[in-house]
1. Quick one: angle between helix 56-67 and the longest Cα principal axis of the chain, in degrees between 0 and 90, rounded to 10, please.
2. Among D52, D75, which comes first, then next, by fewest other beta-carbon atoms within 10 Å?
3. Just need the relative contact order of the range 2-86 here, percent rounded to a whole number, with Cα pairs under 8 Å and 6+ apart.
4. At most 16 other Cβ atoms within 10 Å plus a DSSP loop assignment makes a site exposed; report the longest stretch of the chain without any exposed chymotrypsin sites (Phe, Trp or Tyr not before Pro).
5. Among the trypsin sites (Lys or Arg not before Pro) within the range 24-54, which fall in a DSSP loop and have no more than 12 other Cβ atoms within 10 Å of their own Cβ?
6. List the extent of the Cα atoms of the range 43-84 along each of their three principal axes, largest first, rounded to whole Å.
7. For the chain, just run the numbers: alpha carbon Rg, then divide by 2.2 N^0.38 Å, N being how many residues it has.
8. Summing -39500 (n - 2.57) over the DSSP H runs of n ≥ 4 in the chain and dividing by its residue number, what mean residue ellipticity at 222 nm do you reach, to the nearest 500 deg cm²/dmol?
Amino acid sequence: MFTIKDWKIIFIHKSFEGKPVFSYIQNRYVKCEIEESGILVGIGFAYCSKKDQFNKAKGRKVALRKALERFSKEDRTLIWEEYFKHVKK
């Protein structure tokens with residue numbers, strides 16, 4: 001989780017309870033939520049295929065990219081720059 005401006009970006013790593021909805025998806029996923037003043041303004045999911053090895057870092061990037069789809073280019077750039085400051089290299 002990190003905060004920039006009035007946005008709070010939260011990552012959730014989960015496993016499905018029971019069987020996944022689609023047969024080609026593993027039971028793991030990453031969800032990214034972007035909140036502004038307590039209101040959800042962006043959400044993105046990254047589902048792991050059965051062919052994939054689960055990787056939190058890749059999942060966070062995919063989920064964040066999807067959560068940012070409706071943001072302006074300037075806001076996306078600002079959030080990505082802040083994201084990379086918080087990621088372990």
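What follows is calculated from the coordinates using simple rules that are stated; it is not laboratory data. This structure is a prediction, so every number in the text was calculated from the model and none was measured. Here the Cβ positions follow ideal geometry from the backbone for every residue, glycine too, while neighbour counts run over all protein chains shown.
1. 60 degrees
2. By the 10 Å Cβ count, ascending: D52, D75.
3. In percent, rounded to a whole number, it is 25.
4. Counting at most 16 other Cβ atoms within 10 Å as exposed, the longest clean stretch of the chain is 25-53.
5. K50, K51
6. Over the range 43-84, Cα extents along the principal axes are 35, 20, 12 Å.
7. 1.13
8. After summing the helix terms and dividing by the residues of the chain, the value is -9500 deg cm²/dmol.
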